[in-house]
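Read through the structure below, which is laid out as structure tokens, and then see the notes.
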Amino acid sequence: MAKDVDMEKDAYKNAESVEGEIRIADDVVANIAGIAATEVEGVAATVGNITNELMSKVGMRTLSKGVTVEVVDSVVSVKMALIMDYGYNIPVTCKKVQERVKNAIESMTGLEVSDVSVRIAGIDTSKQV
């Protein structure tokens, strides 16, 4: 039958059923948050640290760059850094990001999101008229 596989230590157990257990890695939750944030109008991109930037230049792109998640007892805390498009209201756009990220994580994973902290790391002026 199926052999027992040691799951990643940065994965959390989401559910257990007759068929087995479900584990979701922290990176998956971070990817969901990153995608949800960039779907909000006015958000140009998520921004990562220097390692993420170098990896993207050599072809390894990650959707979770600039996103950190911490899962404790099925409760998620999200921290993200964003670059916004010029001309958008920062507080209004950040509120939309927080709502979109919270809804996406909760609906896709079944976890509770306690908070979504957004840091604006820059403004993209390339689309400015």
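The values are calculated or read from the model by the stated rules, or taken from the named source; none is laboratory data. Note that the coordinates shown come from a computational prediction; the quantities given were computed from them, not determined experimentally. Don't worry about glycine lacking a Cβ; one is built from the backbone with ideal geometry, like all the others, and counts go over all protein chains shown.
Please enumerate the residues belonging to the range 29-47 that are surrounded by fewer than 21 Cβ atoms within 10 Å (Cβ to Cβ), over 8 Å from the mean Cα position of the chain (by Cα) and touching a residue at least 12 places away in the same chain (Cβ under 8 Å). So that I can check it myself, show each step before the final result.
First, the residues of the range 29-47 that are surrounded by fewer than 21 Cβ atoms within 10 Å (Cβ to Cβ): 31, 35, 38-42, 44-45, 47.
From what is left, the residues that are over 8 Å from the mean Cα position of the chain (by Cα) are 38-42, 44-45, 47.
Within the range 29-47, GLU39, VAL40, GLU41, GLY42, ALA44, ALA45, VAL47 meet the criteria.
Determine, yes or no, whether ILE123 is more than 18 Å from ALA25 (Cα to Cα) and at pLDDT below 95. Steps first, answer last, please.
On the way: more than 18 Å from ALA25 (Cα to Cα): yes; at pLDDT below 95: yes.
So ILE123 fits the description; yes.
Within the range 70-94, which residues are in contact with a strand residue (DSSP E or B) (Cβ under 9 Å, 6 or more places away or on another chain), over 17 Å from ILE24 (Cα atoms) and free of Cβ contacts under 8 Å to residues at least 40 places away in the same chain?
Passing the criteria: ILE90, CYS94.
What about GLY59, is it modelled with pLDDT under 95 and surrounded by 19 or more Cβ atoms within 10 Å (Cβ to Cβ)?
Working: modelled with pLDDT under 95: yes; surrounded by 19 or more Cβ atoms within 10 Å (Cβ to Cβ): no.
It is false that GLY59 is modelled with pLDDT under 95 and surrounded by 19 or more Cβ atoms within 10 Å (Cβ to Cβ).
Go through (1) of a type in the set (S, T, N, Q); (2) closer than 15 Å to GLY42 by Cβ; (3) modelled with pLDDT under 95 and name the single condition SER64 misses.
It is condition (2) that SER64 fails.
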